[in-house]
1. Just wondering, is there one or more residues in segment 79-89 that are of a type in the set (Lys, Arg) and under 21 Å from LYS46 (Cβ atoms)?
2. In this structure, does GLU81 turn out to be more than 13 Å from the chain's Cα centre (by Cα), at pLDDT below 95, surrounded by fewer than 21 Cβ atoms within 10 Å (Cβ to Cβ) and not aliphatic (A, V, I, L, M)?
3. Give just the number: which of (1) touching a residue at least 12 places away in the same chain (Cβ under 8 Å); (2) over 21 Å from LYS138 (Cβ atoms) does GLN57 not satisfy?
4. Kindly evaluate LYS78 against the criterion of being charged (D, E, K, R) and assigned to a loop (DSSP other than H, G, I, E, B).
5. I'd like the full set of residues that are in contact with a strand residue (DSSP E or B) (Cβ under 9 Å, 6 or more places away or on another chain), assigned to a helix (DSSP H, G or I) and surrounded by fewer than 19 Cβ atoms within 10 Å (Cβ to Cβ), limited to segment 106-150.
6. From the set of residues in segment 131-147 that are under 21 Å from ASP102 (Cα atoms) and among the acidic types (Asp, Glu), which is modelled with the highest pLDDT?
7. Could you please give the count of residues in segment 16-56 that are within 18 Å of THR121 (Cα to Cα) and in a helix (DSSP H, G or I)?
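The values are calculated or read from the model by the stated rules, or taken from the named source; none is laboratory data. Worth saying up front: this structure is predicted, and the values here are computed from it rather than measured. Quick reminder, even Gly has a Cβ in these numbers, built from the backbone with ideal geometry, and neighbours come from all protein chains shown.
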Amino acid sequence: MLEVGIKAPAIELPDQNGTVHTLEEYKGKKIILYFYPKDNTPGCTKQACGFAERYPQFTEKGAVIIGISKDSVSSHKKFEEKNNLPFPILSDPELTAIKAYDVWKEKKNYGKSYMGVVRTTYLIDEEGIIIKANDKVKAADDPEKMLGEI
């Protein structure tokens, strides 16, 4: 996980529609940047839907939400349509941003070790500085918690 107080690494990734996004285009707004393991899994769906439900409150406060996983653009499109997600979810199959934000870690499940995305949420201020970082994210609670942080 990256440290609070540092400049957020640059991102240039396509969203569910194939549109490329950078953090630079959101300068002047707070950014909720959340990394999640996989589209259409129970925890990731709860987290995404929680952000979608509260989306008007985030935009009212001048914040944008961006999700990132290593799933493909087409997987993200299906995930967006199935759950009516009103924000960009970026595709990072090459793990560029995932590694830059230090969320690619060894994980264990049923005694097996493997590499994967650790669910992590960053809050980035209007100048591109990380002001909150959380890698102990509970998927269902994260949207409400982040709303309170803004």
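1. Going residue by residue through segment 79-89, those that are of a type in the set (Lys, Arg) are 82.
After this cut, where a residue has to be under 21 Å from LYS46 (Cβ atoms) as well, the list is 82.
Taking every residue of segment 79-89 in turn, at least one turns out to be of a type in the set (Lys, Arg) and under 21 Å from LYS46 (Cβ atoms).
2. In short, no.
3. (2) is the only condition that GLN57 fails.
4. When the stated conditions are applied, LYS78 does not pass them.
5. LYS145, LEU147, GLU149
6. Looking at the filtered set, the residue picked out is ASP142.
7. So the count comes out to 14.
Rundown of residues vs (1) in contact with a helix residue (DSSP H, G or I) (Cβ under 6 Å, 6 or more places away or on another chain); (2) of a type in the set (D, E, K, R), yes/no style:
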| site | (1), (2) |
| --- | --- |
| LEU2 | no, no |
| THR22 | no, no |
| ASP39 | yes, yes |
| ALA63 | no, no |
| ILE66 | no, no |
| ASN83 | yes, no |
| SER91 | yes, no |
